[in-house]
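Written below as structure tokens is the structure these notes are about.
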Amino acid sequence: MTSSDTNRQALTETRNPRTMYIDRVSTREAVKIFINEDMSVFKAVEACSENISQAIELVLTAFRNGGRLIYSGAGTSGRLGVLDASECPPTFGVNPEMVMALIAGGQKAVTSAVEGAEDNMDAGRQDLEAIKFCKNDILIGITASGTTPYVTGGLNHARAIGAATVLLTCNPYGELPKTDVLINPAVGPEVITGSTRLKSGTACKIVLNMISSISMVRMGKVFENLMVDLMATNKKLQKRAIRIVMEGGRVPNYIAEAKLQEAEGDVKLAILLARTELPVDQARMKLEQAEGFLYKALGEIDHE
């Protein structure tokens, strides 16, 4: 292999000199090696903070224009997108179509490898067309190597129709698809060569957490640090909803339960009822006038 070949090789595919002999150390030593390697992930993500902020602003623009956030990936990267998208409806009370994930190979690929799916560039475009992806949407391509054909095909199509695009990768080497924003945490070689479900996967998960969560915060889905738009679809979440109304509404348990019942399970509305004693119709109208921002409905100071 020539030096120029090495420079073009994805960093995630190079061997890690610090883990060369992990196959012959004790369990305790192996754990320490993993911990030491993972420590670098947070610094790598921190170095991308400005680019992450830019990506979030593009997501907000899409949402405000009635668009959707779409993730596209293959293998581990695709599954991370699926995980993040699937958590948005119960956590933030949004329509499942607001944040969606496409994975090479389709639904089967979530739990099983679909050989060759990631190499199909046309499929990246076709899957976007199948969900009627449009210029008001935003596409975030997730690929540790930065060169997955399925993701590249999707990004090329998104750019061609004028939609915003973001590439999330962990490869500072080589030619990457052109996008509006590049988020590229350089986590270095993996503990096990090429196993991007490790440091690369951790970095991508951290970034996706921030992109979706902060976007939802900026859309008024969070009050203080409380998930006031959650969907209480099980007993655990029903108990959480009561606790949130208690905290946000500054009321004891029995009042929180009563306000939740009065608000027909709407946590945000229940907090407003608890804090203002407004009739339900007036409280709901006040929230609508505040575009769903509870602190604005309460007349609190904007801290921006």
By how many degrees, between 0 and 90 and to the nearest 10, does the Cα long axis of helix 280-289 differ from the longest principal axis of the chain?
-> 40
Virtual paramagnetic centre 7 Å along Cα→Cβ of Glu50, amide N under 16 Å, in the range 148-188 = 181-186
Could you go through the range 242-250 in sequence order and give the Karplus-derived ³J(HN,Hα) for each residue, using 6.51 cos²θ - 1.76 cosθ + 1.60 with θ = phi - 60°, rounded to whole Hz, and x for Gly and Pro?
-> 4, 4, 5, 5, 4, 5, x, x, 6
Give the percent of DSSP beta bridges with both residues in the chain that are antiparallel, rounded to the nearest 5.
-> 5
Which angle between 0 and 90 degrees, to the nearest 10, do you get for helix 199-218 versus the longest principal axis of the chain when only C-alpha atoms count?
-> 30
Taking a crude spin-label model, label points 7 Å out from Cα along the C-beta direction, the Tyr295 to Gln238 distance in nm is 3.2
Which links in Lys259/Lys286; Lys132/Lys199; Lys135/Lys296; Lys32/Lys199 stretch past 24 Å when you go from one Cα to the other?
-> Lys132/Lys199; Lys135/Lys296
Okay, helix-only estimate at 222 nm for the chain: each DSSP H run of n ≥ 4 adds -39500 (n - 2.57), divide by all residues, round to 500 deg cm²/dmol; what do you get?
-> -15500 deg cm²/dmol
Relative contact order for the chain: what is it in percent, counting Cα pairs under 8 Å that are at least 6 residues apart?
-> 19
Ranked by Cβ crowding within 10 angstrom, fewest neighbours first, how are Ile255, Ile35 ordered?
-> Ile35, Ile255
Length gained if Thr61 through Lys135 is fully extended, taking 0.36 nm per residue and subtracting the Cα-Cα distance, is 25.5 nm
Once amide H atoms are built 1.01 Å from N in the peptide plane, which residues 5 or more positions from Leu102, or in another chain, come under 5 Å H to H?
-> Tyr71, Ser72, Gly73
With the Cα gyration tensor of the range 205-304 giving a ≥ b ≥ c as the square roots of its eigenvalues, does the rule (a/c under 1.5 for rounded; else a/b larger than b/c for prolate; else oblate) give rounded, prolate or oblate?
-> oblate
Excluding residues fewer than 8 places away in the same chain, name every one of the aspartates and glutamates whose C-alpha is closer than 20 Å to that of Lys239.
-> Glu87, Glu224, Asp229, Glu247, Glu257, Glu262, Glu264, Asp266
Rank-order 140-148, 165-173, 233-241 by packing density, defined as the average count of other C-beta atoms within 10 Å over each peptide's residues, highest first.
-> 140-148, 165-173, 233-241
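What number, in percent, do you get for the relative contact order of the range 44-218 if the mean sequence gap of Cα pairs under 8 Å and at least 6 apart is divided by its residue count?
26
Read the figures in this text as sums done on the coordinates, not as results from a lab. Small disclaimer: the values here were computed from a predicted structure and weren't measured. No Cβ is skipped: glycine too gets one built from the backbone with ideal geometry, and neighbour counts run over all protein chains shown.
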